[in-house]
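Worksheet: one structure, shown below.
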Amino acid sequence: MTERQLDLFSDVDVQTETRASLGTRPAVVAADMDDAALIAAIPAASLADSAALAAEAARRRLAGAVPALAALCRHFTGFGAERPVREQEAALRALAAIGGPDAAQAVSAMIGRAVVQGPTLVVAAAAAAQVKATLSAEILGSLLRHADPDVRVAACRCARPFPDVMAILVGLLGDHDRTVASAAACALGRFGRSEARPALKKLLSEQPSREVVEAVAAVADEECMVLLGRLARNRPAFATAALDALENIDHPRASTIAAAVRRDMGTSAGAG
């Protein structure tokens with residue numbers, strides 16, 4: 001009888017058989033493991049166990065688990081073009097939570113070598129943004145042009161000031177997805193690109209966020225300074241960030257506005 005041959009490009013065949021072979025093992029209790037045992041169990045973990053093991057490594061901020069988590073991701077290289085690879089997702093979220101240069105390098109390598117793809121790339125790009133992974137201009141360009149807006153948003157947060165990347169970000173100011181356009185404006189603002197100023201002003205007025213407030217400081221004109229002052233007075237949740245932004249702007253007007261806001265806030269606190 002002819003033995004059935006696996007389709008090497010079929011997510012269903014490979015992941016089903018891999019999980020079946022690993023699934024015969026008894027379930028682990030990650031919280032009961034010491035660090036060494038936890039790390040040793042990660043690379044070949046089953047679908048059921050990988051999430052628990054990765055989550056426990058993340059909870060402990062276990063930097064020593066970074067190579068094991070990367071190995072778990074690499075185990076599924078080439079799969080996931082059509083559907084998420086849950087083991088990779090669990091490992092990537094753990095790497096993002098652990099953070100640090102080793103985690104950043106691991107996530108960068110997995111994206112650069114196409115270890116993750118398809119829907120799982122969204123999680124990888126978000127992890128790269130969280131750990132501040134260093135990505136090449138070529139990889140950034142590919143992510144910034146990706147069809148999935150969530151990938152484009154994460155890529156904006158990973159951006160570096162390469163000329164080609166800056167050009168793409170300027171184009172993304174007109175992206176049909178408003179979240180992408182906002183992320184592009186914030187990225188450009190962080191790099192001091194004045195093209196972002198109109199979009200950042202609008203965001204300060206209509207949809208403020210800490211990311212927007214931090215990004216505007218490098219490109220602020222006097223109108224931006226007034227908007228930051230108004231935000232600090234009217235939206236307590238943004239007061240600290242807005243005042244910090246004003247104090248980072250090298251302009252007398254910014255210092256004057258910040259001092260006035262602090263004085264008013266002190267008066268209000270005293271009155272209360």
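The values are calculated or read from the model by the stated rules, or taken from the named source; none is laboratory data. For clarity, every value in this text was computed on a predicted model and none was experimentally measured. All Cβ positions, even for glycine, are placed from backbone atoms using ideal geometry, and neighbour counts span all protein chains on display.
Pick out the one residue from Leu169, Leu227, Leu203 that is at negative phi, more than 21 Å from the chain's Cα centre (by Cα) and among the hydrophobic types (A, V, I, L, M, F, W, C). Among Leu169, Leu227, Leu203, only Leu227 is at negative phi, more than 21 Å from the chain's Cα centre (by Cα) and among the hydrophobic types (A, V, I, L, M, F, W, C).
Filtered by the rule that a residue be over 16 Å from Asp32 (Cβ atoms), assigned to a helix (DSSP H, G or I) and under 19 Å from the mean Cα position of the chain (by Cα), the stretch 55-69 gives Ala58, Ala63, Val66, Leu69. If the condition is being surrounded by fewer than 24 Cβ atoms within 10 Å (Cβ to Cβ) and more than 21 Å from Pro252 (Cβ to Cβ), then the stretch 201-211 contributes Lys202, Ser205, Glu206, Gln207, Pro208, Ser209, Arg210, Glu211. Among the helices (runs of 4 or more DSSP H) confined to the stretch 154-272, the ones with at least 1 residues that are within 24 Å of Ser108 (Cα to Cα) are located at 163-172, 178-190, 210-216.
Scanning the stretch 177-187 for residues that are without any contact (Cβ under 8 Å) to a residue 24 or more places away in the chain and either more than 11 Å from Arg152 (Cβ to Cβ) or surrounded by 22 or more Cβ atoms within 10 Å (Cβ to Cβ) (or both) yields a single hit, Arg178.
Yes/no per residue for (1) surrounded by fewer than 23 Cβ atoms within 10 Å (Cβ to Cβ); (2) in a helix (DSSP H, G or I); (3) outside the structural domain of Leu135 (by TED's automatic domain parsing):
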position: Ile39; (1), (2), (3): yes, yes, yes
position: Ala45; (1), (2), (3): no, no, yes
position: Gly78; (1), (2), (3): yes, no, yes
position: Ala94; (1), (2), (3): no, yes, yes
position: Ala109; (1), (2), (3): yes, yes, no
position: Val116; (1), (2), (3): no, no, no
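In the condition set (1) in the same structural domain as Ile111 (by TED's automatic domain parsing); (2) in contact (Cβ under 8 Å) with a residue 24 or more places away in the chain, Ala232 is compliant with all but (1). Only residues that are touching a residue at least 60 places away in the same chain (Cβ under 8 Å) and basic (Lys, Arg) were counted in the stretch 63-110, giving 1. Is it true that Asp177 is charged (D, E, K, R), in the same structural domain as Glu138 (by TED's automatic domain parsing) and touching a Pro at 6+ places or on another chain (Cβ under 8 Å)? Yes, satisfied. Ala215: of a type in the set (A, V, I, L, M, F, W, C), crowded, with 23+ Cβ neighbours inside 10 Å, closer than 30 Å to Ala147 by Cβ and touching an Asp or Glu at 6+ places or on another chain (Cβ under 9 Å), yes or no? The answer is no for Ala215.
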